[in-house]
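> Can you keep this structure in mind? I'll have questions shortly.
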Amino acid sequence: MENFTIKEIAEITNAKTFGYSHNRVIQSFLTDSRQLTDPENTLFFAWKGKRQDGHRYIQSLYEKGVRAFFTEKKVDVNEYPDAVFLSSENIIDSLQKIAAHYRQQFNFPVIAITGSNGKTIVKEWLNFILSSFYTISRSPASYNSQTGVPLSVLKTNNTHNLGIFEAGISQTGEMEKLENILKPKIGVLTNIGSAHDSGFKSLKEKAAEKMQLFKGSETFIYCSDYAVIEETPFLKNFRGSVIDWSMQRKGAYFAEIKKIPNNQLKISAAAHDDKIEVVIPFCDAASAENAIHTLYVCYTLGLWNEKKLKELFSALPQLKMRLEIREGKNNNVLIDDSYNNDLTALLIALDYAKSQRQKQLHTLILSDLTEDSQKPEIVYKEILRVLEAKEIDKFIAIGDKWSTFLKKHTEKYPFKVSVFQEVQSFLQSAEANAINDSCVLIKGARKYQFEKITSFFQKQVHRTRLEINLDNLAHNLNYFQTLVPADTKLMVMVKALGYGSGAEEISSFLEWQGIHYLAVAYTDEGINLKKQNIKLPIMVMSPDYDALESVIAYRLEPELYSFEVLNEFEKKLEDMLVYEDIPLPYPVHIKIDTGMHRLGFMPEETEKLSKRIQKKKLLKIQSVFSHLSAADNPEKKEFTRTQLSVFENACADIRKTYPHPFLMHILNSSGISFYPEKAYDMVRLGIGLYGFDSNELHYKNLKNVHALKTSVLQVKNLKKDSSIGYTGENYLRKDSKIATIAIGYADGFNRLLGNGNWQVLIKNQFCPTIGNICMDMAMVDVTNVEDVEVGDEVIVFENREAILKMASQNHTIPYEVLTSLSPRIKRVYLKE
């Protein structure tokens, strides 16, 4: 990106300016305070969304060296004496104006991609193919939003001669703004489906809105098998060329697919009299559709006659669309992001790696970059500068270019640097075995086979895995935050292994997301989080008497629910004060029993309680709270209102004799859904974080977080009347093909799911269980599935509806399904 001055930005956006220097040079635009790398040359957009308010981060960014801010709200510039401020009524609009202005400086063609599914894959496949012919600027990850598109365009520079950008929308009126930025020459509409339907009246309206991206394009590419696309008025008014390819009818643009051995597809495509045939290493319909779109873009660019094209299509990569976070050997945490490697993708991955607070050491293993057109001298210097800003502890570079560069540049860095020419020499070195207690980011170009590094570092555990989608978890978190007032604090429950999702990783992610409190059930859970470097305050809901010393030693905040617990805690605190310097007053949380009658002080005890605490002055009441027992039951509204009234009165009684402020909170996930007006000072989010809610209105707006997957261990062809599994009482009624899968009741796959009471998904076909579930394995009938092999993926569940169904089959609730999943199951965390 070229440099801007504050004065130029103000002219482009028509913004008002205040403060120190209007000639300050800007080289980086920032909308997420967590991604800061170059404070001196950064302009921070203090964007105010439905929940998050970027103005809250101005002070902390100023302390880190940022001196330029774009705001919507009034700021006292006297508090920031050497900073400059720009101001407008709509910050996102201003960012888009800057990007549109910048885009006009480049004359090279831009390919824009939109659709309900497949945008990122088509973009990445186009980049893979076309990078052999062009120097490409493209959207990093899935930066396709109203902020993602302008930020992507602003990363373009004068070495690029082709742009590939994806654009996504969630409501009407958005696409015209993105079109004004991108001005694409070639447009691709991948498909139209039900994704993000809530912002549109119909599929037709959504299709029409998406196609606004291409109103000025020279070529529009789409699959005419989606009838809704052809029903829109856009095509009648479009003045450019149309490539309306189909697999269902013959025409000027027609594609055929044929399955061939080794799970491959042969694609034959026609464009008038021009024809091409390629093979792709995939056999599913979605990959075929994405590849055909990619193929017709290549046709538009005049590349069908290039000999290298067929070779490139045969090597199309299986893209891991998200970062994968896994447990590694030697107490390492692995972040596997090896499907692509360029500077922008590296910056995104580094930002997330630094959020992993459970490890204080951070290691980067990086190959040569694929941006061959730029001088390595410039790019690699920038990488080293970024690594210093991100406070990486160890940098391991692999590749000829890194080797050459680091031989020339022998200056000292604040991190340890090692260089190897290829992967195998690194894996055989003492350096590889010396990495421990670290967060290890593995980022390499495909040709370097970095999967060997991942395999080397990965802890060999149970092959069954629970995938946790962190992007969807963040969506659910933000959705619940929009239901309550903006100043409401958020406590998230991470007890029971974070509802089965992994307390350490979930807590680290939540801390990165900026929540205010964590809560656990037992002291050991809180201690473990503190040992993993979690800095958030942690409330312990059921502190054992024997663990009170540990509560104090680790600065955990106990729930006090009776005078017995209060007495024990004060006694332990007084004993420890004799030989330890403990900051007083010590923060505690008071539980009130408002009608559930589980734990808590009775309402009539509150005045006595507050006088006691105020008199001794050992403790500080951090919060007073209670629990709604029937918030999700519409027939119990009166009971819930009674609980709320009792709670408010109890808090009022405490305030009569305790003069200090404290937080009030009573709403759990269901409470937030049904009684958001009673948010008070803080709310507690639990199962709702994972996409479950008893309020149908909110349920449909939440996203699935979990997928449970395993693999096939063995396949057998068995005769009719063969006995299957334990007890010897289950017999085949016909000749069958039976697969044994690597999951059993010790993993949380309940025995009630045996004997046909559950179906797993193998190669997109449902396969019922057969026989009883064993401790470590189960058997399923795969008679109707072709080519089942050892190692094939088995999906136990992959959406909320399946989890709800499994809960019903087990005569329980989703809480139990998730919390019953064994710790021996590998947790894999996915993040775009």
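The values are calculated or read from the model by the stated rules, or taken from the named source; none is laboratory data. Bear in mind that the values here come from a model prediction, so they are computed numbers and not experimental data. Cβ atoms come from the backbone with ideal geometry, glycine included; neighbour counts cover every protein chain shown. The area values use the complete protein model at the heavy-atom level, side chains included, leaving out ligands, DNA and RNA. Shrake-Rupley method; radii C 1.70, N 1.55, O 1.52, S 1.80 Å.
> What ³J(HN,Hα) values, in whole Hz, does the Karplus curve 6.51 cos²θ - 1.76 cosθ + 1.60 give for the range 580-591 when θ = phi - 60°, with x put for Gly and Pro?
Coupling constants for the range 580-591: 10, 8, 10, x, 10, x, 8, x, 9, 10, 9, 9 Hz.
> Using 31 Å as the Cα-Cα cut-off, could you pick out the over-long pairs in Lys177/Lys381; Lys531/Lys571; Lys329/Lys737; Lys64/Lys177; Lys495/Lys637; Lys329/Lys709?
Distance filter (> 31 Å) returns Lys177/Lys381; Lys329/Lys737; Lys64/Lys177.
> Here is a follow-up. Name the long-range amide H neighbours of Lys459: under 5 Å, sequence gap of 5 or more, or other chain; modelled H, no Pro or chain starts.
Gly328, Lys329
> Applying 1/(1 + (r/R0)^6) with R0 = 60 Å to the Cβ-Cβ distance of Ser722 and Tyr699, what FRET efficiency is obtained, to the nearest 0.05?
Step by step, r from the Cβ atoms, then E = 0.85.
> Residues of the range 501-537 with the amide nitrogen closer than 20 Å to a label point 7 Å from the Cα of Asp437, along Cα-to-Cβ, please.
Hits in the range 501-537 for Asp437 at 20 Å: 504-505, 508, 527-535.
> Which peptide among 11-20, 744-753, 810-819 comes first, and what is the full order, when sorted by highest mean count of other Cβ atoms within 10 Å?
Going by the mean number of other Cβ atoms within 10 Å, highest first, we get 744-753, 810-819, 11-20.
> Tell me the label-point distance for the pair Lys734, Ala521, using the 7 Å Cα-to-Cβ offset, in nm and rounded to one decimal.
4.5
> Below 8 Å, C-alpha to C-alpha, sequence gap of six or more: please give me the relative contact order for the range 232-272 in percent.
28
> Give the relative contact order (percent, whole number) for the chain; include only Cα pairs under 8 Å separated by 6+ residues.
It comes to 8 percent, rounded to a whole number.
> Modelled label-to-label distance, His55 and Gln714, 7 Å Cα→beta-carbon offset: nm?
6.7
> Antiparallel DSSP bridges in the chain: what percent, to the nearest 5?
40
> OK, next. Treat every Asp and Glu Cβ in the chain as -1 and every Lys and Arg Cβ as +1, leave all other atoms uncharged, and give the resulting dipole magnitude about the Cα centre to the nearest 20 debye.
Using only the charged Cβ atoms, the result is roughly 620 debye.
> May I ask for the net charge around His665, where only other residues with Cβ less than 10 Å from the Cβ of His665 are counted and Lys, Arg are +1 while Asp, Glu are -1?
Local charge sum for His665: +2.
> List the residues, sorted by chain then number, that are 5 or more residues from Val84 or on another chain and whose placed amide H is less than 5 Å from its amide H.
Here Tyr20, Ser21, Ala68, Phe69 satisfy the definition.
> Alpha carbon centre of the range 618-635 versus the range 407-486: separation in Å?
The two parts, judged by their Cα centres, are 40 Å apart.
> For Ser314 and Ala285, compute 0.36 nm times the residue count separating them, minus their Cα-Cα distance, and round to one decimal in nm.
Answer, rounded to one decimal: 8.8 nm.
> Identify which of the listed values of P(r) over Cα pairs in 10 Å bins from 0, in percent was calculated from the structure shown: [x] 2, 12, 22, 25, 19, 11, 6, 3, 1, 0, 0; [y] 2, 11, 18, 23, 22, 14, 6, 2, 0, 0; [z] 2, 10, 13, 12, 12, 11, 9, 7, 6, 5, 4, 3, 3, 2, 1, 0, 0.
[y]
> Going highest first, how would you order 702-710, 565-573 by mean Cβ packing within 10 Å?
The most tightly packed comes first, giving 702-710, 565-573.
> Would you mind getting me the FRET efficiency between Asp93 and Lys236? Use the beta-carbon distance for r and R0 = 30 Å, nearest 0.05.
0.45
> Which of Phe625, Ala742, Asn695 sits closest to the plus end of the dipole of the range 617-752, meaning its Cα is farthest towards the positive end, when Lys and Arg get +1 and Asp and Glu get -1 on the C-beta?
Sorting the options by dipole projection puts first Ala742.
> Right, something else. Please give me the summed charge of the neighbours of Asp747: other residues whose Cβ is under 11 Å from its Cβ, Lys and Arg +1, Asp and Glu -1.
Net of charged neighbours comes to +3.
> Could you check the simple spin-label distance between Val578 and Lys617, using points 7 Å along Cα→Cβ, in nm with one decimal?
Each label point is offset 7 Å from its Cα along the Cβ direction, giving 2.3 nm.
> For Asn305 and Lys452, compute 0.36 nm times the residue count separating them, minus their Cα-Cα distance, and round to one decimal in nm.
49.4 nm
> Indicate, rounded to the nearest 5 percent, the antiparallel portion of the DSSP beta bridges found entirely in the range 16-92.
Percent antiparallel among DSSP bridges in the range 16-92 is about 35.
> Roughly how many whole Å is it from the C-alpha centroid of the range 578-607 to that of the range 280-338?
56
> For the range 13-53, which whole-number percentage of the solvent-accessible area (1.4 Å probe, protein heavy atoms only) is attributable to carbon and sulfur atoms?
Percent of accessible area from carbon and sulfur atoms in the range 13-53: 42.
> So what are the three principal axis dimensions of the range 124-266 from its Cα atoms, in whole Å, longest to shortest?
For the range 124-266, the Cα extents along the three principal axes come out at 41, 40, 29 Å.
> Now for a separate question. If you count only protein heavy atoms with a 1.4 Å probe, what accessible area per residue comes out for the range 725-769, rounded to a whole Å²?
For the range 725-769, the per-residue accessible area is 52 Å².
> Now, a different point. Using each residue's phi in the range 98-109, evaluate 6.51 cos²θ - 1.76 cosθ + 1.60 at θ = phi - 60° and report the 3J(HN,Hα) Karplus result to the nearest Hz, with x for Gly and Pro.
5, 5, 5, 4, 5, 4, 5, 7, 10, 9, 6, x
> If you don't mind, another one. Under a 5 Å amide H to amide H cut-off, with H placed in plane at 1.01 Å, what residues pair with Ser438 once short-range neighbours are removed?
For Ser438, whose amide H was placed from the backbone, the distant partners under 5 Å are Asn332, Val333.
> Would you mind pulling out the separation of the Cα centroids of the range 219-244 and the range 377-402, in Å?
With the range 219-244 and the range 377-402 each reduced to a Cα centre, they are spaced 46 Å.
> Here's another thing I want to ask about it. Determine, for each peptide in 548-561, 284-297, 783-796, the mean count of other beta carbons within 10 angstrom over its residues, then list the peptides with the highest first.
Ranking, from highest mean packing down: 284-297, 548-561, 783-796.
> Rounded to whole Hz and in sequence order, give me ³J(HN,Hα) for the range 765-770 from the Karplus expression 6.51 cos²θ - 1.76 cosθ + 1.60, θ = phi - 60°, writing x for Gly and Pro.
10, 7, 10, x, 5, 9
> Based solely on its DSSP helices, what 222 nm [θ] is calculated for the chain when runs of n ≥ 4 H residues each add -39,500 (n - 2.57) and the sum is averaged over all residues, nearest 500 deg cm²/dmol?
Dividing the helical sum by the residues of the chain leaves -9000 deg cm²/dmol.
> Taking K and R as +1 and D and E as -1, what net charge do the other residues with C-beta under 10 Å from the C-beta of Ser610 add up to?
Within the 10 Å Cβ shell, the charges total +3.
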